[in-house]
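Right, one structure below, let's go through it.
The values are calculated or read from the model by the stated rules, or taken from the named source; none is laboratory data. Not measured: the values here are computed from a predicted model. Heads up, the Cβs are rebuilt from the backbone with ideal geometry, glycines too, and the neighbour counts pull from every protein chain shown.
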There are 2 protein chains.
Amino acid sequence: MKKVKVYVTLRESVLDPQGSAVMGALHSMNYNEVKDVRIGKFLELQIEESDRDLDVLVKEMCEKLLTNTVIEDYRYDVEEAVTK
Amino acid sequence: MKKVKVYVTLRESVLDPQGSAVMGALHSMNYNEVKDVRIGKFLELQIEESDRDLDVLVKEMCEKLLTNTVIEDYRYDVEEAVTK
């Protein structure tokens, strides 16, 4: 079993209204040191080993369902899942 | 300027209906290797150096605004921001 962590971020060129709203809220709370906020998604997938290649699988899932590649970028890390 | 990456995840004990929905969708697309999906948030903050301690600042912001500590956990990394 592998644990795959996927980080999805908006592309640089895309406006992030949610991030701007959070930055506005932080400024109103006197955290004026904050100069930019971008908000993305973080997904943790538990994936069972199979005869399909893990990298191919993760890329397909990201491109078909998990991200919108027009406005988002993604990267991922693979870890050995810890059995509990 | 520092770049702070904050990862917000639901606590283990909290149900993740969004994650379950995504897992259902992946199964219907024949990605049956996926055994669990948890969805969290990923925030990138650009923070200017000030006389306040960065760790104290980030923890305060996370606990007061960015996360709901009743149901969410968070962790963060600090990097030197790259000037563009």
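What to note about this one:
- Checking the stated criteria, B:V8 turns out to be among the aliphatic types (A, V, I, L, M) and in contact with a Phe, Trp or Tyr (Cβ under 6 Å, 6 or more places away or on another chain).
- Residue count, region B:15-35 (criterion: out of contact with any Asp or Glu (no Cβ under 8 Å at 6 or more places or on another chain) and in contact (Cβ under 8 Å) with a residue 12 or more places away in the chain): 4
- Residue check, A:V82 in contact with a strand residue (DSSP E or B) (Cβ under 9 Å, 6 or more places away or on another chain) and at pLDDT below 95: yes
- Qualifying residue in region A:25-43 (condition: over 30 Å from B:V56 (Cβ atoms) and within 7 Å of chain B (Cβ to nearest Cβ)): no
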